[in-house]
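**Student:** For reference, the structure I am asking about is given below.
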Amino acid sequence: MRLVDSHCHLDAAEFDADRDAVVARAEAAGVAAQIVPAIALAGFPKLRALCAGRAGLHAAYGLHPMYLDAHRPEHLDALRGWLERERPVAVGECGLDFFVEGLDADAQHLYFTRQLELAREFDLPVIVHARRAVDEVVATLRRIGGLRGVVHSFSGSQEQARQLWKLGFCLGLGGPVTYARARRLRALAAAMPIEFLLLETDAPDQPLCAHRGERNEPARLAEVLDAVAALRGEPREAIAAATSRNAQRLFGLAAAPMVE
């Protein structure tokens, strides 16, 4: 098995006490690589050190829309420096969030637009957060142009998904697809073009149905794989191979090694 967790916050404080064990469980479950996106400038050094010290961990640097209070306009200049020096696999996590009340929409658009421009300038994919904001995200991606990436934890409609595919964007599916009540998302997972599908956990967030109330972790990507394979009526090995190839292509990863 070769799996790529396309979105895991392994640098989060929730993993500080047992991070080595978390990584070991992920490897045992077949997770050969993880994309670890940043959320704010203050966390960049910790993320760099984490990924530098473990094979298979790949950093992305960005400013998350839910953490506006932590961002300053000058952080965009700092981000540029990190992209120049570190050459990460992606820009992100960035995007728009119109679910959380009190987040300034204009400020979100400013940070999102500038990060998209940086991604285009450095020829990097973007990892996009889009909660109750898919239409606005699509419009912004189309306006900037020349971009590629993934909308992680996608929760939009079939038509919104098609608009993203036309732009060359992948969709990241994780824990929510394991819930029977997520009928629209499960229908999308069952029928979407496999070349646009990425698997993710968003750990420590978004626990799977069988693990409600628990801390999520990257080892559970194998359960996401099983859910998607069952919905599509395809062998889990075929889904694993296809989604890993998609992640390798998008993020410029070397072929993930076989995990024993």
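No lab work stands behind these numbers, since they all come straight from the coordinates. From a predicted model like this one, the values you see are computed outputs, not experimental measurements. With ideal geometry, Cβ positions are generated from the backbone for all residues, glycine too; neighbour counts draw on all protein chains shown.
**Student:** So, by mean Cβ neighbours within 10 angstrom, what's the order for 1-12, 199-210, 141-152 with the highest one leading?
**Tutor:** Most protected by this proxy first, the peptides run 1-12, 199-210, 141-152.
**Student:** Compute the Rg to Rh ratio over the stretch 3-251 from the alpha carbon atoms, using the Kirkwood formula for Rh, and round to two decimal places.
**Tutor:** Value, to two decimals: 0.94.
**Student:** For an R0 of 25 angstrom, estimate the FRET efficiency from the Cβ-Cβ distance between Phe99 and Lys166 and round to the nearest 0.05.
**Tutor:** Computed FRET efficiency for Phe99 and Lys166 comes out at 0.50.
**Student:** Please report, for the Cα atoms of the stretch 118-260, the Rg to one decimal and the Dmax as a whole number; what are they, in angstrom?
**Tutor:** Expressed in Å, the Cα Rg and Dmax of the stretch 118-260 come to 14.9, 45.
**Student:** So, R0 is 25 Å and r is the distance between the beta-carbons of Ala42 and Asp106; what FRET efficiency does that work out to, to 0.05?
**Tutor:** Calculated transfer efficiency: 0.60.
**Student:** Compute the label zone of Ser157 within the stretch 104-138: residues whose backbone N is under 20 Å from the point 7 Å along Cα-to-Cβ.
**Tutor:** Once the point is set 7 Å along Cα→Cβ of Ser157, 130-138 turn out to lie under 20 Å by backbone N, inside the stretch 104-138.
**Student:** Here's something else I'd like to know. Given a Förster distance of 30 angstrom, what is the FRET efficiency for Arg19 paired with Asp77, based on the Cβ-Cβ distance and rounded to 0.05?
**Tutor:** Efficiency computed from Cβ-Cβ geometry: 0.45.
**Student:** Between the stretch 12-47 and the stretch 197-260, how far is it from one alpha carbon centroid to the other, in angstrom?
**Tutor:** 15
**Student:** Follow-up question, since we're still on this one. Going by average Cβ density within 10 Å per residue, which order do the peptides 166-175, 129-138, 95-104 take, highest to lowest?
**Tutor:** Ranked by mean Cβ neighbours within 10 Å, highest first: 166-175, 129-138, 95-104.
**Student:** Under the rule of -39500 (n - 2.57) per DSSP H run of 4 or more residues, summed and divided by the residues of the chain, what mean residue ellipticity at 222 nm is obtained, to the nearest 500 deg cm²/dmol?
**Tutor:** That comes out to -13000 deg cm²/dmol.
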